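Structure record follows, encoded as structure tokens.
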Amino acid sequence: MSSIQFFMILVCLLSLSSSLFTFTSAADPTCVSHFCSEKDFSRNSTYQSNLNLILSSVPRYTKSGYGFYRTTEGLDPNKVYGLFQCRGDVNTTTCQDCVAFASKDVTQHCPTQNEALVWYDLCYLRYSNVSIIYFPDRNPSIKYYNQFNVTVEPNRFQKLVLSLLKEATTQAVNDPKKFATRKENRTTSQI
């Protein structure tokens with residue numbers, strides 16, 4: 001499986017798992033998970049200035065309605081790459097609220113790290129000192145585990161889950177917002 005296919009499946013998994021959480025625009029989003037690199041930047045450095053420019057500008061790009069944006073600021077070695085993505089089924093206002101919150105909250109989780117990623121139910125935001133798009137192997141991820149035991153036909157259950165993920169991936173690739181969900185209700189005897 002290529003890195004791009006794996007990344008698409010991961011995005012679909014995150015989208016599917018996000019239905020486990022709720023969010024109202026009146027409340028601040030809850031951070032589902034975050035990642036901070038081990039390398040730090042110096043406070044008041046050119047890198048921090050470039051990062052601040054990105055974090056202050058990304059919320060305004062949610063108005064396009066597409067729900068995804070990537071940008072850069074500065075020149076190497078102080079270049080900052082940034083992106084955000086909102087879940088495909090949220091409206092522009094909710095997307096903007098989530099990204100605006102994330103752009104402030106990320107520095108609470110990762111105050112001086114060169115690379116950070118924060119996941120919320122409805123959006124995620126990331127910045128890095130290396131290209132996010134061209135180095136997919138550097139993509140951090142989170143894992144969700146099934147909380148329930150599958151005792152009947154675990155191999156068939158796994159095939160069903162993989163089939164749903166492939167269908168959702170195919171659907172998301174063809175969707176303008178790159179979002180899809182799939183749901184399958186089965187009883188134990190149908191697995």
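Applying a threshold of 9 Å to beta carbon distances and a minimum spacing of six or more residues, or different chains, the list of pairs starting in region 149-168 at a residue that is among the acidic types (D, E) and ending at one that is surrounded by 13 or more Cβ atoms within 10 Å (Cβ to Cβ) and not in a helix (DSSP H, G or I) reads E153/I191; E167/A180; E167/R182. Against the condition under 14 Å from the mean Cα position of the chain (by Cα) and without any contact (Cβ under 8 Å) to a residue 24 or more places away in the chain, how does K178 come out, does it pass? In short, no.
Summed over region 148-171, the residues that are surrounded by 13 or more Cβ atoms within 10 Å (Cβ to Cβ) and modelled with pLDDT of 90 or more give a count of 8.
A single member of G67, G74 is more than 30 Å from T187 (Cα to Cα), crowded, with 17+ Cβ neighbours inside 10 Å and at pLDDT 95 or above, and it is G74. Test Y145 against the criterion of being crowded, with 21+ Cβ neighbours inside 10 Å, within 18 Å of the chain's Cα centre (by Cα) and aromatic (F, W, Y), and give yes or no. Criteria not met by Y145. Against the conditions (1) at pLDDT 95 or above; (2) closer than 23 Å to T30 by Cβ; (3) surrounded by 13 or more Cβ atoms within 10 Å (Cβ to Cβ), T112 satisfies every one except (2).
Scanning region 30-52 for residues that are at pLDDT 95 or above, among the small types (G, A, S) and not in a helix (DSSP H, G or I) yields S42, S45. Within region 107-129, the set of residues being out of contact with any Leu (no Cβ under 6 Å at 6 or more places or on another chain) and among the aliphatic types (A, V, I, L, M) comprises A116, L117, L122, L125.
The values are calculated or read from the model by the stated rules, or taken from the named source; none is laboratory data. These figures come from a predicted structure and were not determined experimentally. Using ideal geometry, Cβ is built from the backbone for each residue, glycine included, and neighbour counts are taken over all protein chains shown.
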